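A.B. asks: Attaching a single structure in C-alpha coordinates format; questions to follow.
The values are calculated or read from the model by the stated rules, or taken from the named source; none is laboratory data. Worth saying up front: this structure is predicted, and the values here are computed from it rather than measured. Cβ: placed from backbone, ideal geometry, glycine included. Neighbour counts: every protein chain shown.
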Amino acid sequence: MRDTGIGRVPGAPIPARAGIGLRSPHHEHAAAGQIDVAWLEVHTENYFHDGGPPLDALERARAHYPLSFHGVGLGLGSVEPIDPEHLARVKRAVERFEPALVSEHACWGHAGSEHFNDLLPLPYTEEAAELLSARVAQVQDVLGRQILIENLSSYFAYSASRLTEWEFLAAVVERSGCGLLLDVNNLYVNQVNLGLDAARFIAAVPAGAVQEIHLAGHRRNHIGSRDLLIDDHGSTVCAEVWSLYERAIKRLGPVPTLIEWDTDVPAIEVLVAEARKADIIMERARELAA
(Lines give C-alpha, C1' and ligand atoms only; values in the text may rest on other atoms or scores of the structure.)
Protein backbone atom coordinates (compact mmCIF):
# COMPACT_ATOMS: atom_id res chain seq x y z
CA MET A 1 0.00 0.00 0.00
CA ARG A 2 1.30 3.49 -0.85
CA ASP A 3 2.16 5.49 2.28
CA THR A 4 -0.48 8.15 2.91
CA GLY A 5 1.71 10.00 5.40
CA ILE A 6 -1.03 10.09 8.04
CA GLY A 7 -1.67 8.30 11.29
CA ARG A 8 -4.39 5.69 11.32
CA VAL A 9 -6.43 7.45 13.97
CA PRO A 10 -10.22 7.96 13.85
CA GLY A 11 -10.95 11.64 13.32
CA ALA A 12 -7.56 12.31 11.69
CA PRO A 13 -7.50 15.26 9.28
CA ILE A 14 -7.72 14.60 5.56
CA PRO A 15 -4.45 15.24 3.71
CA ALA A 16 -4.30 17.19 0.45
CA ARG A 17 -4.32 13.94 -1.50
CA ALA A 18 -6.86 11.97 -3.52
CA GLY A 19 -9.60 9.78 -2.07
CA ILE A 20 -12.55 7.83 -3.40
CA GLY A 21 -16.23 7.56 -2.61
CA LEU A 22 -16.77 4.30 -0.72
CA ARG A 23 -19.58 2.21 -2.19
CA SER A 24 -20.83 -1.22 -1.15
CA PRO A 25 -18.83 -3.33 -3.67
CA HIS A 26 -15.64 -2.17 -1.96
CA HIS A 27 -16.61 -2.26 1.71
CA GLU A 28 -14.43 -5.25 2.51
CA HIS A 29 -11.40 -3.77 0.76
CA ALA A 30 -11.79 -0.62 2.86
CA ALA A 31 -12.41 -2.50 6.09
CA ALA A 32 -9.14 -4.35 5.60
CA GLY A 33 -7.21 -1.19 4.64
CA GLN A 34 -6.52 -2.58 1.16
CA ILE A 35 -7.44 0.48 -0.94
CA ASP A 36 -4.40 2.48 -2.03
CA VAL A 37 -5.85 5.97 -1.47
CA ALA A 38 -5.45 8.59 1.26
CA TRP A 39 -9.07 8.92 2.43
CA LEU A 40 -12.68 7.88 1.89
CA GLU A 41 -15.99 9.69 1.53
CA VAL A 42 -19.46 8.25 2.18
CA HIS A 43 -23.02 9.51 1.87
CA THR A 44 -24.13 10.48 5.37
CA GLU A 45 -27.65 9.10 5.02
CA ASN A 46 -26.32 5.60 4.34
CA TYR A 47 -25.06 5.42 7.94
CA PHE A 48 -28.12 6.45 9.93
CA HIS A 49 -28.85 2.92 11.14
CA ASP A 50 -27.84 1.26 14.38
CA GLY A 51 -26.20 -1.81 12.88
CA GLY A 52 -25.63 -3.97 9.85
CA PRO A 53 -22.73 -4.83 7.52
CA PRO A 54 -22.24 -1.30 6.06
CA LEU A 55 -21.80 0.25 9.51
CA ASP A 56 -19.50 -2.53 10.59
CA ALA A 57 -17.38 -2.07 7.46
CA LEU A 58 -17.12 1.68 8.00
CA GLU A 59 -16.19 1.23 11.65
CA ARG A 60 -13.32 -0.97 10.55
CA ALA A 61 -12.37 1.27 7.60
CA ARG A 62 -12.00 4.39 9.73
CA ALA A 63 -9.11 2.72 11.52
CA HIS A 64 -7.26 2.91 8.18
CA TYR A 65 -8.55 6.07 6.49
CA PRO A 66 -9.74 9.56 7.43
CA LEU A 67 -13.40 10.05 6.49
CA SER A 68 -15.51 12.72 4.83
CA PHE A 69 -19.31 12.65 5.20
CA HIS A 70 -21.31 13.99 2.24
CA GLY A 71 -25.03 14.56 2.82
CA VAL A 72 -27.76 14.61 0.20
CA GLY A 73 -30.97 15.02 2.19
CA LEU A 74 -31.10 18.22 4.25
CA GLY A 75 -32.33 20.45 1.41
CA LEU A 76 -30.67 23.47 3.02
CA GLY A 77 -32.15 26.02 0.62
CA SER A 78 -35.77 24.93 1.08
CA VAL A 79 -38.15 27.55 2.49
CA GLU A 80 -39.59 25.06 5.00
CA PRO A 81 -37.58 24.42 8.18
CA ILE A 82 -34.96 21.70 8.21
CA ASP A 83 -36.39 18.36 9.32
CA PRO A 84 -35.18 18.14 12.95
CA GLU A 85 -35.24 14.34 12.96
CA HIS A 86 -33.08 14.17 9.85
CA LEU A 87 -30.62 16.66 11.30
CA ALA A 88 -30.50 14.74 14.58
CA ARG A 89 -29.61 11.58 12.66
CA VAL A 90 -26.85 13.45 10.80
CA LYS A 91 -25.48 14.60 14.16
CA ARG A 92 -25.58 11.09 15.54
CA ALA A 93 -23.71 9.65 12.54
CA VAL A 94 -21.11 12.42 12.64
CA GLU A 95 -20.50 11.90 16.35
CA ARG A 96 -20.20 8.15 15.86
CA PHE A 97 -17.74 8.13 12.97
CA GLU A 98 -15.87 11.42 13.57
CA PRO A 99 -15.38 12.45 9.92
CA ALA A 100 -12.77 15.11 9.26
CA LEU A 101 -15.09 16.89 6.81
CA VAL A 102 -18.88 17.16 6.62
CA SER A 103 -20.60 18.55 3.53
CA GLU A 104 -23.99 19.18 1.95
CA HIS A 105 -25.32 20.77 -1.23
CA ALA A 106 -26.30 24.36 -1.98
CA CYS A 107 -29.77 23.25 -3.03
CA TRP A 108 -33.40 22.90 -2.06
CA GLY A 109 -35.32 19.63 -2.02
CA HIS A 110 -38.75 19.94 -0.45
CA ALA A 111 -41.77 22.22 -0.51
CA GLY A 112 -44.77 21.80 1.73
CA SER A 113 -45.35 18.06 2.08
CA GLU A 114 -43.55 17.26 -1.17
CA HIS A 115 -40.00 15.88 -1.03
CA PHE A 116 -38.10 15.60 -4.30
CA ASN A 117 -35.47 13.02 -5.11
CA ASP A 118 -33.28 15.71 -6.65
CA LEU A 119 -30.74 18.33 -5.67
CA LEU A 120 -32.55 21.38 -7.03
CA PRO A 121 -30.64 24.60 -7.74
CA LEU A 122 -31.45 27.90 -6.07
CA PRO A 123 -31.97 31.28 -7.69
CA TYR A 124 -28.86 33.37 -7.10
CA THR A 125 -30.48 36.24 -5.22
CA GLU A 126 -29.79 38.05 -1.95
CA GLU A 127 -32.92 36.51 -0.44
CA ALA A 128 -31.83 32.97 -1.30
CA ALA A 129 -28.30 33.66 -0.02
CA GLU A 130 -29.72 34.91 3.28
CA LEU A 131 -31.97 31.85 3.63
CA LEU A 132 -29.21 29.38 2.80
CA SER A 133 -26.79 31.14 5.16
CA ALA A 134 -29.26 30.88 8.02
CA ARG A 135 -29.88 27.18 7.36
CA VAL A 136 -26.15 26.43 7.13
CA ALA A 137 -25.54 28.31 10.38
CA GLN A 138 -28.32 26.28 12.03
CA VAL A 139 -26.73 23.00 10.96
CA GLN A 140 -23.31 24.13 12.13
CA ASP A 141 -24.74 25.11 15.52
CA VAL A 142 -26.38 21.69 15.94
CA LEU A 143 -23.31 19.76 14.82
CA GLY A 144 -20.90 22.01 16.69
CA ARG A 145 -18.61 22.25 13.66
CA GLN A 146 -18.17 23.86 10.26
CA ILE A 147 -19.69 22.23 7.18
CA LEU A 148 -18.91 22.61 3.48
CA ILE A 149 -21.49 23.36 0.79
CA GLU A 150 -21.17 22.12 -2.78
CA ASN A 151 -21.93 23.85 -6.08
CA LEU A 152 -24.52 21.96 -8.16
CA SER A 153 -24.86 20.68 -11.69
CA SER A 154 -27.86 22.40 -13.30
CA TYR A 155 -30.12 21.88 -16.28
CA PHE A 156 -31.88 25.25 -16.16
CA ALA A 157 -31.19 28.77 -14.89
CA TYR A 158 -33.53 31.13 -13.04
CA SER A 159 -34.44 34.42 -14.70
CA ALA A 160 -34.65 35.88 -11.17
CA SER A 161 -30.94 35.38 -10.46
CA ARG A 162 -29.07 38.62 -9.86
CA LEU A 163 -25.73 37.20 -8.65
CA THR A 164 -23.24 34.89 -10.31
CA GLU A 165 -22.95 31.47 -8.70
CA TRP A 166 -19.56 32.31 -7.18
CA GLU A 167 -20.88 35.58 -5.77
CA PHE A 168 -23.80 33.68 -4.27
CA LEU A 169 -21.56 31.05 -2.66
CA ALA A 170 -19.10 33.67 -1.44
CA ALA A 171 -21.96 35.49 0.29
CA VAL A 172 -23.04 32.29 2.05
CA VAL A 173 -19.46 31.60 3.16
CA GLU A 174 -19.10 35.12 4.55
CA ARG A 175 -22.44 35.12 6.39
CA SER A 176 -22.41 31.57 7.80
CA GLY A 177 -18.71 30.81 8.22
CA CYS A 178 -19.01 27.60 6.20
CA GLY A 179 -16.47 26.24 3.73
CA LEU A 180 -16.85 25.14 0.11
CA LEU A 181 -16.73 21.82 -1.68
CA LEU A 182 -15.80 22.64 -5.27
CA ASP A 183 -17.23 20.11 -7.75
CA VAL A 184 -15.23 20.62 -10.94
CA ASN A 185 -17.34 18.20 -12.98
CA ASN A 186 -20.42 20.25 -12.07
CA LEU A 187 -18.67 23.37 -13.36
CA TYR A 188 -18.05 21.69 -16.70
CA VAL A 189 -21.60 20.29 -16.93
CA ASN A 190 -22.99 23.80 -16.34
CA GLN A 191 -20.59 25.29 -18.88
CA VAL A 192 -21.89 22.95 -21.60
CA ASN A 193 -25.54 22.96 -20.55
CA LEU A 194 -25.98 26.63 -19.65
CA GLY A 195 -23.06 28.43 -21.28
CA LEU A 196 -21.48 29.38 -17.96
CA ASP A 197 -17.74 30.09 -17.72
CA ALA A 198 -16.09 27.39 -15.59
CA ALA A 199 -12.64 29.01 -15.75
CA ARG A 200 -14.05 32.31 -14.51
CA PHE A 201 -15.76 30.52 -11.62
CA ILE A 202 -12.44 28.94 -10.60
CA ALA A 203 -10.70 32.31 -10.82
CA ALA A 204 -13.34 34.07 -8.70
CA VAL A 205 -14.36 31.54 -6.04
CA PRO A 206 -13.05 32.46 -2.54
CA ALA A 207 -9.89 30.34 -2.51
CA GLY A 208 -9.50 30.12 1.24
CA ALA A 209 -12.95 28.58 1.61
CA VAL A 210 -12.35 25.57 -0.67
CA GLN A 211 -11.54 22.56 1.52
CA GLU A 212 -12.49 19.68 -0.78
CA ILE A 213 -12.80 19.07 -4.52
CA HIS A 214 -14.98 16.53 -6.34
CA LEU A 215 -14.19 14.98 -9.72
CA ALA A 216 -16.57 12.67 -11.56
CA GLY A 217 -17.78 11.47 -14.92
CA HIS A 218 -20.95 12.44 -16.76
CA ARG A 219 -23.15 11.18 -19.58
CA ARG A 220 -23.50 13.08 -22.87
CA ASN A 221 -26.97 13.06 -24.44
CA HIS A 222 -27.55 14.31 -27.99
CA ILE A 223 -30.80 16.28 -28.23
CA GLY A 224 -31.43 17.72 -31.65
CA SER A 225 -28.48 19.91 -32.57
CA ARG A 226 -27.06 20.22 -29.06
CA ASP A 227 -25.54 18.12 -26.31
CA LEU A 228 -26.86 17.87 -22.77
CA LEU A 229 -24.55 16.57 -20.06
CA ILE A 230 -26.06 14.50 -17.24
CA ASP A 231 -24.09 14.41 -14.01
CA ASP A 232 -24.43 10.67 -13.39
CA HIS A 233 -21.09 9.85 -11.71
CA GLY A 234 -20.85 6.73 -13.83
CA SER A 235 -17.58 6.95 -15.80
CA THR A 236 -14.00 8.15 -15.76
CA VAL A 237 -13.20 11.84 -15.51
CA CYS A 238 -13.05 13.40 -18.99
CA ALA A 239 -10.10 15.36 -20.38
CA GLU A 240 -11.90 18.71 -20.15
CA VAL A 241 -12.62 18.21 -16.44
CA TRP A 242 -9.01 17.19 -15.78
CA SER A 243 -7.92 20.41 -17.49
CA LEU A 244 -10.24 22.48 -15.27
CA TYR A 245 -8.96 20.58 -12.23
CA GLU A 246 -5.36 21.49 -13.12
CA ARG A 247 -6.47 25.12 -13.38
CA ALA A 248 -8.12 24.87 -9.95
CA ILE A 249 -5.08 23.29 -8.30
CA LYS A 250 -2.82 25.91 -9.87
CA ARG A 251 -4.90 28.62 -8.18
CA LEU A 252 -5.89 26.89 -4.93
CA GLY A 253 -2.89 24.68 -4.30
CA PRO A 254 -3.34 20.98 -3.40
CA VAL A 255 -6.77 20.29 -1.89
CA PRO A 256 -8.27 16.94 -0.75
CA THR A 257 -9.78 15.60 -3.98
CA LEU A 258 -12.46 12.94 -4.33
CA ILE A 259 -13.10 10.62 -7.25
CA GLU A 260 -16.90 10.34 -7.12
CA TRP A 261 -18.42 7.26 -8.79
CA ASP A 262 -21.99 6.24 -7.89
CA THR A 263 -23.44 4.30 -10.84
CA ASP A 264 -21.93 1.29 -12.65
CA VAL A 265 -19.30 1.19 -9.92
CA PRO A 266 -16.11 -0.32 -11.41
CA ALA A 267 -13.36 -2.50 -9.97
CA ILE A 268 -11.39 -0.87 -7.20
CA GLU A 269 -8.32 -0.70 -9.46
CA VAL A 270 -10.16 1.70 -11.79
CA LEU A 271 -11.02 4.06 -8.92
CA VAL A 272 -7.48 3.96 -7.57
CA ALA A 273 -6.09 4.75 -11.03
CA GLU A 274 -8.34 7.82 -11.28
CA ALA A 275 -7.25 8.92 -7.80
CA ARG A 276 -3.62 8.54 -8.81
CA LYS A 277 -4.17 10.97 -11.71
CA ALA A 278 -5.34 13.60 -9.22
CA ASP A 279 -2.37 12.88 -6.95
CA ILE A 280 0.03 13.40 -9.86
CA ILE A 281 -1.50 16.80 -10.64
CA MET A 282 -1.20 17.85 -7.00
CA GLU A 283 2.38 16.54 -6.79
CA ARG A 284 3.26 18.60 -9.87
CA ALA A 285 1.77 21.70 -8.24
CA ARG A 286 3.87 21.13 -5.11
CA GLU A 287 7.01 20.81 -7.21
CA LEU A 288 6.29 24.07 -9.04
CA ALA A 289 5.67 25.86 -5.74
CA ALA A 290 8.89 24.56 -4.13
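A.B. asks: Of all residues in segment 174-184, which are closer than 22 Å to Glu260 by Cβ and assigned to a helix (DSSP H, G or I)?
C.D. replies: Residue satisfying the conditions is Val184 alone.
A.B. asks: Which residues, counting only those in segment 123-160, are among the small types (Gly, Ala, Ser), modelled with pLDDT under 95 and surrounded by fewer than 16 Cβ atoms within 10 Å (Cβ to Cβ)?
C.D. replies: Ser159, Ala160 - these are the residues of segment 123-160 that are among the small types (Gly, Ala, Ser), modelled with pLDDT under 95 and surrounded by fewer than 16 Cβ atoms within 10 Å (Cβ to Cβ).
A.B. asks: Continuing with this model, one more query. Between residues in segment 123-137 that are closer than 19 Å to Ser154 by Cα and touching a residue at least 24 places away in the same chain (Cβ under 8 Å) and residues that are aromatic (Phe, Trp, Tyr) and outside any helix (DSSP H, G or I), which pairs lie under 7 Å by C-beta distance while being six or more apart or on different chains?
C.D. replies: Pro123/Tyr158
A.B. asks: Right, something else. Go through segment 87-122 and give me each residue that's crowded, with 19+ Cβ neighbours inside 10 Å, part of a strand (DSSP E or B) and either over 17 Å from the mean Cα position of the chain (by Cα) or modelled with pLDDT under 90 (or both).
C.D. replies: Selection gives Trp108, Gly109, Leu119.
A.B. asks: Same structure, new question: Could you list, in sequence order, the residues of segment 185-216 that are in a loop (DSSP other than H, G, I, E, B) and farther than 14 Å from Glu150 by Cα?
C.D. replies: The answer is Gly195, Leu196, Asp197.
A.B. asks: Same structure, new question: If I filter segment 217-239 down to residues being among the charged types (D, E, K, R) and under 19 Å from the mean Cα position of the chain (by Cα), which single residue comes out as nearest to Leu187 (Cα to Cα)?
C.D. replies: Asp231
A.B. asks: While we're here: Starting from segment 279-290, take each residue that is without any contact (Cβ under 8 Å) to a residue 40 or more places away in the chain and list its partners that are surrounded by 12 or more Cβ atoms within 10 Å (Cβ to Cβ) and of a type in the set (Asp, Glu), counting only C-beta distances under 6 angstrom and pairs at least six apart or across chains.
C.D. replies: From segment 279-290, the pairs are Ile281/Glu246.
A.B. asks: Quickly run through segment 233-262 and pick out the residues that are of a type in the set (Asp, Glu) and either at pLDDT below 90 or in contact with a Leu (Cβ under 7 Å, 6 or more places away or on another chain) (or both).
C.D. replies: Glu260
A.B. asks: Any chance segment 65-84 includes a residue that's modelled with pLDDT of 95 or more and among the charged types (D, E, K, R)?
C.D. replies: No, there is no match, as no residue in segment 65-84 is modelled with pLDDT of 95 or more and among the charged types (D, E, K, R).
A.B. asks: Another question, then. Taking the condition of being touching a residue at least 24 places away in the same chain (Cβ under 8 Å) and in a helix (DSSP H, G or I), how many residues in segment 22-71 meet it?
C.D. replies: Here is the first cut: in segment 22-71, the ones touching a residue at least 24 places away in the same chain (Cβ under 8 Å) are 22-45, 47-48, 53-54, 56-71.
Keeping just the survivors that are in a helix (DSSP H, G or I) gives 24-31, 44-45, 47, 53-54, 56-61.
Here the count works out to 19.
A.B. asks: Could you list, in sequence order, the residues of segment 194-216 that are closer than 19 Å to Asp118 by Cα and surrounded by fewer than 20 Cβ atoms within 10 Å (Cβ to Cβ)?
C.D. replies: Scanning segment 194-216 gives a single hit, Leu194.
A.B. asks: Considering segment 1-35 alone, what residues qualify as being among the small types (Gly, Ala, Ser), on the phi < 0 side of the Ramachandran plot and modelled with pLDDT under 95?
C.D. replies: Result: Gly7, Ala12, Ser24.
A.B. asks: Take the residues in segment 58-72 that are buried (at least 20 other Cβ atoms within 10 Å of the Cβ) and within 25 Å of Ser153 (Cβ to Cβ); name whichever of them is farthest from the chain's Cα centre (by Cα).
C.D. replies: Leu67
A.B. asks: Tally the residues that are under 17 Å from Ala207 (Cα atoms) and in a helix (DSSP H, G or I), restricting the search to segment 140-168.
C.D. replies: Total satisfying the criteria: 4.
A.B. asks: Which one of these is of a type in the set (A, V, I, L, M) and within 15 Å of the chain's Cα centre (by Cα): Val192, Val255, Val205, Val272?
C.D. replies: Within the list Val192, Val255, Val205, Val272, the selection yields Val255.
A.B. asks: If Ala38 passes every condition in (1) at pLDDT 95 or above; (2) surrounded by fewer than 22 Cβ atoms within 10 Å (Cβ to Cβ) but one, which one does it miss?
C.D. replies: (2)
A.B. asks: Still on this structure, I have one more. Tell me the strands (runs of 3 or more DSSP E) entirely within segment 217-265 that contain at least 1 residues that are touching a strand residue (DSSP E or B) at 6+ places or on another chain (Cβ under 7 Å), surrounded by 15 or more Cβ atoms within 10 Å (Cβ to Cβ) and among the hydrophobic types (A, V, I, L, M, F, W, C).
C.D. replies: 226-230, 257-260
A.B. asks: Follow-up question, since we're still on this one. Just to verify a result, which residue in segment 41-54, among those that are in contact with a Gly (Cβ under 8 Å, 6 or more places away or on another chain) and not aliphatic (A, V, I, L, M), is surrounded by the most Cβ atoms within 10 Å (Cβ to Cβ)?
C.D. replies: Filtering segment 41-54 for residues in contact with a Gly (Cβ under 8 Å, 6 or more places away or on another chain) gives 41-45.
Add one more test, that the residue is not aliphatic (A, V, I, L, M), and what stays is 41, 43-45.
Working: Glu41: 26, His43: 15, Thr44: 24, Glu45: 17.
That would be Glu41.
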